[in-house]
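*Asks:* Got a structure here, written out as structure tokens. Questions coming.
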């Protein structure tokens, strides 16, 4: 493994920072302490630091030489509203809050890279280090962009990195094109006519309408979508009724739709509206759909993905780089940045969980799991990736 020596040398320092952040998790748009830690370290190392984008966002810039070219490197900072069941020394001090997705580690890796970049200064151009709030459902990337991120800090390309449990530490994964799916939510309100359960002919049963709608919606994925276009439509809630012997007036349903393209998403939403309206009407009732588009799909620029893979190969070798990793139906708001700038998102292996100390929970070390913990051994690997990415992109 070809790691930069200072990144290895300083690993204990950034492990301590990571564990401090893990012990003090903050939810979306509330990352006040985290932002203060980040900004303080960056100023200590000599960076020009701007705070306050999207409330708690931090951007640090380092210009070397005369080139107008610039690169953006992004890490997310927020935690999840989840009760941690680990009992090791750096567990969350707050009930109901936990770094269960590794954003503490992402922040630590980019901070480690920041210190190395300042020491080496082996590039020609500007590096913008973007510490983003509210990835977990808050759309922090979108808000930073809306508040002028790329106008104030112009970037020729932007890159993101996420730890990936279940893949070996010391490995990377990336792919050209779609990397993660769009995330969208829907609610359906079915209206019928209440009646006594013994006299169903006097009412219009919204429960049966809801069941029919649920079944018919699955035909969108199986019959309207091209088989090669990945999509998931999941109904996750159906609520109706208050007693055994009452047919209720209405029923409510909710769920999620995930796709790798906006075109497929448009098709699904349009067909949902038609099926919901006409199924309910055919059974004597009515229904309406509320459809909320959240994160768009995360789509890597093919050239930038190949560039990232080349950098990864220099660090860990070709056998440890998956250049066509299987996309995931999870979502990521780095997608908003990739709508604005060319770039690439990538995964870094977090291992199977053997790195966890005594006192970890009984569950697996998977993302959004109360037994999760970031693997501190990969901090030098991630930091080296960031440094080499910047230096190669801004090669003198």
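Values quoted throughout were computed directly from the atomic coordinates according to the rules given, and no laboratory measurement underlies them. No experiment lies behind these values; they were computed from the predicted model shown. Counting neighbours? That spans all protein chains shown, and the Cβs are built from the backbone with ideal geometry, glycine included.
*Asks:* Sort 391, 357, 31 so that the residue with the fewest other Cβ atoms within 10 Å of its own Cβ comes first and the one with the most comes last.
*Replies:* Fewest-to-most ranking of 391, 357, 31: 357, 391, 31.
*Asks:* Roughly how many whole Å is it from the C-alpha centroid of region 130-199 to that of region 346-396?
*Replies:* Using only Cα atoms, the two centres lie 20 Å from each other.
*Asks:* Using Cα pairs closer than 8 Å and at least 6 residues apart in sequence, work out the relative contact order for the chain, in percent.
*Replies:* Relative contact order here is 25 percent.
*Asks:* Using the basic label-point model (7 angstrom from Cα toward the beta carbon), what is the residue 310 to residue 5 distance in nanometres?
*Replies:* 2.7 nm
*Asks:* Under 12 Å from a point 7 Å along the Cα-to-Cβ line of residue 119: which residues of region 1-35 have their amide N that close?
*Replies:* Residues passing the 12 Å test: 4-14.
*Asks:* What does a probe at residue 219 reach in region 253-295, counting residues whose amide N is under 19 Å from the point 7 Å along Cα→Cβ?
*Replies:* 267-289, by backbone N distance to the label point.
*Asks:* Give, in nm to one decimal, the length gained when the segment between residue 324 and residue 232 is fully stretched (0.36 nm per residue of separation minus the Cα-Cα distance).
*Replies:* 31.0 nm
*Asks:* When N is the residue count of the chain, what does its C-alpha Rg come to as a fraction of 2.2 N^0.38 Å?
*Replies:* Here the Cα radius of gyration is 1.12 times the empirical estimate.
*Asks:* Further, regarding this structure: Translational D (Stokes-Einstein, µm²/s) of region 183-295 at 37 °C and 0.692 mPa s when Rh comes from the Kirkwood sum over C-alpha pairs?
*Replies:* Here the translational diffusion coefficient equals 226 µm²/s.
*Asks:* OK, next. Working only with C-alpha atoms, what are the Rg and Dmax values of region 43-126, expressed in angstrom?
*Replies:* 16.3, 51
*Asks:* While we're on this one: List the extent of the Cα atoms of region 144-233 along each of their three principal axes, largest first, rounded to whole Å.
*Replies:* The principal-axis extents, from largest down, are 66, 36, 28 Å.
*Asks:* Taking the alpha-carbon set of region 271-396, what are its Rg and Dmax in Å?
*Replies:* When restricted to Cα atoms, region 271-396 yields Rg and Dmax of 21.3, 71 Å.
*Asks:* Turning to a different aspect of this structure: Taking 51 Å as R0, compute the FRET efficiency from the Cβ-Cβ separation of residue 36 and residue 197 and round it to 0.05.
*Replies:* 0.30
*Asks:* Roughly how many nanometres apart are two label points built 7 Å out from the Cα toward the Cβ at residue 358 and residue 243?
*Replies:* Between residue 358 and residue 243, the label points sit 5.9 nm apart.
*Asks:* With r defined as the distance between the Cβ atoms of residue 50 and residue 288 and R0 fixed at 30 Å, what FRET efficiency is calculated, to the nearest 0.05?
*Replies:* 0.10
*Asks:* Using the alpha-carbon centroid of each, what span in Å lies between region 238-258 and region 46-76?
*Replies:* Comparing the Cα centres of region 238-258 and region 46-76, I get a distance of 49 Å.
*Asks:* Right, another one. Taking other Cβ within 10 Å of each residue's Cβ, how do 252, 91 sort, fewest first?
*Replies:* 252, 91
*Asks:* Sort 376-389, 217-230, 3-16 for me by packing, meaning the mean count of neighbouring Cβ atoms within 10 Å per residue, highest on top.
*Replies:* 376-389, 3-16, 217-230
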